[in-house]
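A.B. asks: Before I ask anything, let me first share the structure, which is written out below as structure tokens.
The values are calculated or read from the model by the stated rules, or taken from the named source; none is laboratory data. Source: prediction; values computed, not measured. Neighbour counts are summed over all protein chains in view; Cβ atoms, including those assigned to glycine, are modelled from backbone coordinates with ideal geometry. Note: accessible area is taken over every heavy atom of the protein model, side chains too, but ligands, DNA and RNA are not part of it. Shrake-Rupley method; radii C 1.70, N 1.55, O 1.52, S 1.80 Å.
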Amino acid sequence: MSEKKKGTKKEKKEKKERVSFSSKKKVVDDVYELSDLDRLLKVLDLNTDKKACLKAAKGLYHLTDVDHKSNRTVVASHSPEILGILCNCVQNVLLPDIRHLGLLICNNLSIPLESKLILNQSPHAREIYNTCLNVIDTDPREAYLGSICLMNLSFLASAVPAMLVAGSGDNDHKAKTALLPVLSRVLRHGKSEAARWCCGLLKNISRVREGADRICETDLPSILFSFIEIEDNDSETLSTTWVNNSTEDFALYILLNIVHCKTMDQSMCADIIENTTPLTSDRGIQGLKAILITGILGGDVQPAEAARVSELVVSVTNRVGKQGEYTFGVFNLTTALTAMASLATSSRISESPKYMNAIARPDALAALFQIVADQIIVLSASFEETKEKPPGMSPADDTPEDMVSMAISTLLALSPSIFRATPGDVEADTDTVKIKAELHSMILTFEKNSSAGSQTNMDADHFMSAIKQSGNGPMPILAQAHKLWIAKRQQDGVDYCSVFTETAVEVDEKGPLDFLPCAGWGNNNTKNEKGDVKCVIS
């Protein structure tokens, strides 16, 4: 009897599952067109019939799902009221299925760039920020969806300032219900899907200067440390487990973005260095991020790790990624160059030739020369007249004067390696003299045409002094760097020489070329008062 009853219960359960599947299958098989949009929105707006609302929500979701991506921007731009209707769905805590679908629809609509613009500029933009933030704060089950929606919208940097004060009635980013305090509370509970996507949202927030500054004012950096703790034996293989879009991946990006903050105090800098230094031995992208963070804040890294930063500078200036590690656009020039400048200064202070030579890679030095030269082109009158960018030149926002300031300070710090002559070879080298003259002319041209600060001008003067004071023998690192730079110039088709001509170094028999024999006895040669022949370089 008991076996019969047990079998009956099992049959009832299987029948229930079949009925459930059948009903779901029916909804999936329903066909919705964009022409149904007004009807679906009207049903959701009226919100009088639970079953009808649920079916309308499912219909709107399927109109914007992964199989109908092309509909998303159309739906987002259909009516200014669509966000308000979706917010009402999400705010309805008594109908969790409709709430869930409302969040899924919001996420679908927030993916295309055009939709981001439409939604962030909508009259209901603040309402969607508040609604998603309330979900994150009060609904652990759906918090991950609220976080993803805000993360998608925050890819548009202009949306970040409004997001920071979302949830607060008086635009106070420190209010208990404002964005950062809410995210802080979620992250304190440890790893979860909600925490993961809250970190993804914080990654985007931290990319904006105001967002990074606000994060530094909170306890969020300290909370993030708990997500990047490791065992010593895992330090070289982090990137195989801390994959793209993981909690740890996001956490390191946030720390990397906030290290540029001027408001960060010394104790926070020390804490970040302490928690990221153990990660620098990883050979993948996570280790590279840790090296950048530690380097920018003045921490110690190994020479081989410092060389990876120089390699990154080359990749960014050449607009390429590194296969199996990162794609172009993941790191910007500001971050790479700031880290290289800091590490170069540390190597100069430590007086370690091995450390300095690891950073002074010829291809990285060529990239620094390129950064300075590109900015001179930008500053030149001819460029201002044409408003045309030389072929292959980095965009203006990649090489502003602060970039050149960092490039010059890096060259100055690395000058002992750059101008290190071949041991035992004291004979002057014509190529070395020409290269040094061109570098001197380039730095002098930048100094005369830019409005850089006093520190940059001081670094430029010191670097030009280093050029003059170094010998004229063969300098392998300088020669190789110049060769690579020349190849890049020829590839881009840019004639930098025409820009530097006005400040070219005048050379006579007492100058650095006095060792050269006269080429001939033609009109270019004159006699001085003693009757000696003077060789004129024309």
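A.B. asks: S168 - would you say it is within 24 Å of Q121 (Cα to Cα) and either in contact (Cβ under 8 Å) with a residue 24 or more places away in the chain or of a type in the set (K, R) (or both)? Give the steps one after another, and end with the answer.
C.D. replies: Values: within 24 Å of Q121 (Cα to Cα): yes; either in contact (Cβ under 8 Å) with a residue 24 or more places away in the chain or of a type in the set (K, R) (or both): no.
Considered against the rule, which asks whether it is within 24 Å of Q121 (Cα to Cα) and either in contact (Cβ under 8 Å) with a residue 24 or more places away in the chain or of a type in the set (K, R) (or both), S168 comes out as no.
A.B. asks: Please note which helices (runs of 4 or more DSSP H) are completely contained in region 120-232 and include at least 2 residues that are among the aliphatic types (A, V, I, L, M) and closer than 25 Å to Q266 by Cβ. Outline the logic, then answer.
C.D. replies: On the way: elements: 125-138, 143-154, 160-164, 179-188, 193-206, 209-216, 220-225.
In region 120-232, 179-188, 193-206, 209-216, 220-225 are the helices (runs of 4 or more DSSP H) which contain 2 or more residues that are among the aliphatic types (A, V, I, L, M) and closer than 25 Å to Q266 by Cβ.
A.B. asks: Going residue by residue through region 194-214, is there one that turns out to be more than 23 Å from the chain's Cα centre (by Cα) and at pLDDT 95 or above? Quick ask: steps written out before the conclusion?
C.D. replies: Going residue by residue through region 194-214, those that are more than 23 Å from the chain's Cα centre (by Cα) are 194.
From what's left, at pLDDT 95 or above: 194.
Yes, the conditions are met somewhere in region 194-214.
A.B. asks: Quick check: is even one residue across region 446-453 under 38 Å from the mean Cα position of the chain (by Cα) and at pLDDT 90 or above?
C.D. replies: No, region 446-453 contains no residue that is under 38 Å from the mean Cα position of the chain (by Cα) and at pLDDT 90 or above.
A.B. asks: What are the residues in region 285-298 that are more than 17 Å from A344 (Cβ to Cβ) and open to solvent by 10 Å² or more (accessible area, probe 1.4 Å), if any?
C.D. replies: I285
A.B. asks: Does any residue of region 341-349 turn out to be farther than 22 Å from K488 by Cα, modelled with pLDDT of 90 or more, out of contact with any helix residue (DSSP H, G or I) (no Cβ under 8 Å at 6 or more places or on another chain) and part of a helix (DSSP H, G or I)?
C.D. replies: Yes, the conditions are met somewhere in region 341-349.
A.B. asks: Next question, about the same structure. Restricting attention to region 357-371, which residues are open to solvent by 10 Å² or more (accessible area, probe 1.4 Å), of a type outside the set (G, A, S) and more than 22 Å from R489 (Cα to Cα)?
C.D. replies: N357
A.B. asks: How many residues does region 372-384 hold that are buried (at least 23 other Cβ atoms within 10 Å of the Cβ) and of a type outside the set (A, V, I, L, M, F, W, C)?
C.D. replies: Going through region 372-384 one residue at a time, the tally reaches 2.
A.B. asks: Touching a residue at least 24 places away in the same chain (Cβ under 8 Å), open to solvent by 20 Å² or more (accessible area, probe 1.4 Å), out of contact with any Phe, Trp or Tyr (no Cβ under 7 Å at 6 or more places or on another chain) and of a type outside the set (K, R): which single residue out of D282, D213, D265 fits that description? Steps first, answer last, please.
C.D. replies: Numbers: D282 fails: open to solvent by 20 Å² or more (accessible area, probe 1.4 Å); D265 fails: touching a residue at least 24 places away in the same chain (Cβ under 8 Å).
Result: D213 is the single residue among D282, D213, D265 that is touching a residue at least 24 places away in the same chain (Cβ under 8 Å), open to solvent by 20 Å² or more (accessible area, probe 1.4 Å), out of contact with any Phe, Trp or Tyr (no Cβ under 7 Å at 6 or more places or on another chain) and of a type outside the set (K, R).
Each row is one residue, and each column tells you yes or no for (1) out of contact with any helix residue (DSSP H, G or I) (no Cβ under 6 Å at 6 or more places or on another chain); (2) surrounded by 21 or more Cβ atoms within 10 Å (Cβ to Cβ); (3) modelled with pLDDT under 95.
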| site | (1), (2), (3) |
| --- | --- |
| I105 | no, yes, no |
| L109 | no, yes, no |
| L113 | yes, no, yes |
| S122 | no, no, yes |
| A125 | yes, no, yes |
| T131 | no, yes, no |
| I136 | no, yes, no |
| D139 | yes, no, no |
| A143 | no, yes, no |
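A.B. asks: Still on this structure, I have one more. Could you check T241 against (1) free of Cβ contacts under 8 Å to residues at least 12 places away in the same chain; (2) buried (at least 18 other Cβ atoms within 10 Å of the Cβ); (3) among the polar types (S, T, N, Q) and say which number it fails?
C.D. replies: Just one mismatch for T241, condition (2).
A.B. asks: Read through the list (1) part of a helix (DSSP H, G or I); (2) modelled with pLDDT under 90; (3) of a type in the set (S, T, N, Q), then give the number of the only condition that T526 fails.
C.D. replies: With respect to (1) part of a helix (DSSP H, G or I); (2) modelled with pLDDT under 90; (3) of a type in the set (S, T, N, Q), T526 is out only on (1).
A.B. asks: Does L255 qualify as being in a helix (DSSP H, G or I) and free of Cβ contacts under 8 Å to residues at least 40 places away in the same chain?
C.D. replies: Values: in a helix (DSSP H, G or I): yes; free of Cβ contacts under 8 Å to residues at least 40 places away in the same chain: yes.
In short, yes.
A.B. asks: Of everything in region 96-140 that's of a type in the set (G, A, S) and under 26 Å from L187 (Cα atoms), which residue is nearest to the chain's Cα centre (by Cα)? Outline the logic, then answer.
C.D. replies: At the first step, the residues of region 96-140 found to be of a type in the set (G, A, S) are 102, 110, 115, 122, 125.
Those still in the list that are under 26 Å from L187 (Cα atoms) too: 102, 110, 125.
Working: G102: 32, S110: 21, A125: 26 Å.
Residue satisfying both the conditions and the ranking: S110.
A.B. asks: Then there's this: When you look at E311, is it surrounded by fewer than 21 Cβ atoms within 10 Å (Cβ to Cβ) and assigned to a helix (DSSP H, G or I), yes or no? Can you show your working first?
C.D. replies: Values: surrounded by fewer than 21 Cβ atoms within 10 Å (Cβ to Cβ): yes; assigned to a helix (DSSP H, G or I): yes.
So E311 passes the test.
A.B. asks: Output the residue which, of all residues in region 471-486 that are at pLDDT 90 or above and small (G, A, S), is surrounded by the most Cβ atoms within 10 Å (Cβ to Cβ). If you could, list the steps in order and put the result at the bottom.
C.D. replies: Filtering region 471-486 down to residues at pLDDT 90 or above leaves 474-486.
If we keep only those that are small (G, A, S) as well, we get 479, 481.
Details: A479: 16, A481: 24.
Applying the filter and picking the extreme gives A481.
Matching residues to (1) farther than 19 Å from I293 by Cβ; (2) touching a strand residue (DSSP E or B) at 6+ places or on another chain (Cβ under 8 Å); (3) modelled with pLDDT of 90 or more:
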residue	(1), (2), (3)
T335	no, no, yes
T338	no, no, yes
A360	yes, no, yes
A364	yes, no, yes
P395	yes, no, no
